[in-house]
Amino acid sequence: MSLGHALRRIVEEYPLARLDPPAGHPLAAVIRRGAPDELRAALECVEGSFLVKGSPGRGSHWAAVPWLAVFDPAITTSATRGYYLVYLFPADREVVHLSLAQGTVAAIRAHGPRAEAYLRSSGDALRSRLSDFAGRLPNRSITLGSAGELPEGYEAAHILGLTYDLDALGDERRLRADLSVGVAAYRALKARGGLAL
């Protein structure tokens, strides 16, 4: 397998997989173990130590939006808080987003119904701090095609990134180069003050 193959498999198989329980499902294993292993391998050429996790959901429920994330342990070890680099898989179309994103759950807990507005405002400020990455990570917004607090929060939490269609997932060299740029933006945000506005 390769990173591109793992991402493509999630994009293509997730809609049908959701019709079955996630416990013991082969795609849940790909998201939890196989895809993170491929992402770790892709990160080997990037200096530094990262924690990589994938989530198809919790317990007996598939996630509305599965994810595969890279965490700098000095910043966060969880998608709930801080900021991190993440692949997000929309429910409504065959694409995957690479997103430098803010932790959504912590914002929801801290800001309640104003969390989305807070995350969007924070994202605008953080994006301006990373303007030198705008050409290489040009997506200022993403859509995930699912209603609900978490999917809408993930959309609001996006800072910058890229979107891949299925054809683009066949270009492993590009995926790895883009991943390196994403990590560079992640590190730049850390060096430039992180989430402090």
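Where a number appears in this text, it was derived from the coordinates with a stated rule and is not lab data. Predicted model only: the values in this text are computed from it and were never measured. Reconstructed Cβ throughout: ideal geometry from the backbone, glycine too, with neighbour counts over all protein chains shown.
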- [ ] Rank 182, 11, 35 by how far each Cα sits towards the positive end of the charge dipole of segment 3-191 (+1 on Lys, Arg Cβ; -1 on Asp, Glu Cβ) and give me just the farthest.
- [x] 182
TODO: Would you mind counting up the charge near residue 107? Only other residues with Cβ under 12 Å from its Cβ, with Lys and Arg at +1 and Asp and Glu at -1.
DONE: +1
TODO: Return, for the Cα atoms of segment 1-105, the radius of gyration and Dmax in Å, separated by a comma.
DONE: 13.2, 40
Task: Kirkwood Rh and Cα Rg combined as Rg over Rh, evaluated for segment 3-191 - done: 0.93
Task: For the chain, share of DSSP beta bridges that run antiparallel, in % to the nearest 5 - done: 95
TODO: Quick one: what are the phi-derived ³J(HN,Hα) couplings along segment 81-92, Karplus 6.51/-1.76/1.60 with θ = phi - 60°, whole Hz, x for glycine and proline?
DONE: 9, x, 8, 6, 9, 8, 9, 10, 10, x, 7, 9
- [ ] Rank-order 188-195, 101-108 by packing density, defined as the average count of other C-beta atoms within 10 Å over each peptide's residues, highest first.
- [x] 101-108, 188-195
- [ ] Would you mind working out the magnitude of the charge dipole of the chain relative to its Cα centre, with +1 at each Lys and Arg C-beta and -1 at each Asp and Glu C-beta, to the nearest 20 Debye?
- [x] 620
Task: Leading residue at positive end of dipole, the chain (Cβ point charges), from 96, 141, 194 - done: 194
Task: Charge dipole magnitude, Cβ of K and R +1, D and E -1 - segment 140-197, Cα centre, debye nearest 20 - done: 500
Open item on the list: I need to check one value: relative contact order of the chain, counting alpha carbon pairs closer than 8 Å and at least 6 residues apart, in percent.
Closed with: 21
TODO: Would you mind counting up the charge near residue 35? Only other residues with Cβ under 11 Å from its Cβ, with Lys and Arg at +1 and Asp and Glu at -1.
DONE: +4
